[in-house]
Amino acid sequence: MSESFDAMAGIDAESEKARIVAENVGKMNGEMMGLLVSESIGGNAGEVAVAGKKYPAAGANALVDRMTGQIVAFGNGLSSGRKGIDVPIILRVAFDKWNDNGFFHVTKIHHATNNPSKLRPAHVLDSHAVDVLQRSVNQWNAEHEGEVTEK
């Protein structure tokens, strides 16, 4: 799906967003965690303070449908995907590899819209897509012991 929520005829936008959020969380639990674990997490994205404590951070590369916020795939060296539809993002993930419970929390969503000087129309995330991504991250973090955001 690549049309905006505003353009969808006969579809309840909130129900569609909830469906996409659920799919995104599933991909974060599967593909993203697989990617992070297979990378032998080494803190390639610096450190991040969470609740006053510093944790190493890693970046999880993904392609996202720019209109809906649906995560298409996680991986390194991803191709550009569907031209004009999929855009690259990076989820910054704080982690504690010495924690037996596996502490992982997404702290930031990096995308081209964060840097207006480098925007090209095909790389701009629709406001609905940004909302869906944020909801996905919030739900994933809530399922992994609470929301965490960078300060």
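The values are calculated or read from the model by the stated rules, or taken from the named source; none is laboratory data. Every value quoted in this text rests on a predicted model; they were computed, and no experiment measured them. For neighbour counting, all protein chains shown are included, and Cβ atoms are generated from backbone atoms with ideal geometry for every residue, glycine included.
Of the residues 9, 45, 60, the single one that is in a loop (DSSP other than H, G, I, E, B) and at pLDDT 70 or above is 45. Of all residues in the stretch 63-91, those that are in contact (Cβ under 8 Å) with a residue 24 or more places away in the chain and in a loop (DSSP other than H, G, I, E, B) total 11. Considering the stretch 47-66 alone, what residues qualify as being out of contact with any Gly (no Cβ under 7 Å at 6 or more places or on another chain) and surrounded by 21 or more Cβ atoms within 10 Å (Cβ to Cβ)? Across the stretch 47-66, the qualifying residues are 48, 55, 60, 62, 64, 65, 66. Here is the figure for the stretch 109-121: residues that are modelled with pLDDT of 65 or more and crowded, with 19+ Cβ neighbours inside 10 Å total 2. Restricting to the stretch 74-93, what's the tally of residues that are of a type in the set (Lys, Arg) and closer than 21 Å to residue 33 by Cα? Summing the residues that are of a type in the set (Lys, Arg) and closer than 21 Å to residue 33 by Cα in the stretch 74-93 gives 1. Residues that are modelled with pLDDT of 90 or more and of a type outside the set (A, V, I, L, M, F, W, C) were ranked within the stretch 122-140; the one that is farthest from the chain's Cα centre (by Cα) is 128.
Residue 40 falls short on exactly one of the conditions (1) at pLDDT below 90; (2) of a type in the set (S, T, N, Q); (3) under 21 Å from residue 139 (Cβ atoms), and that condition is (3).
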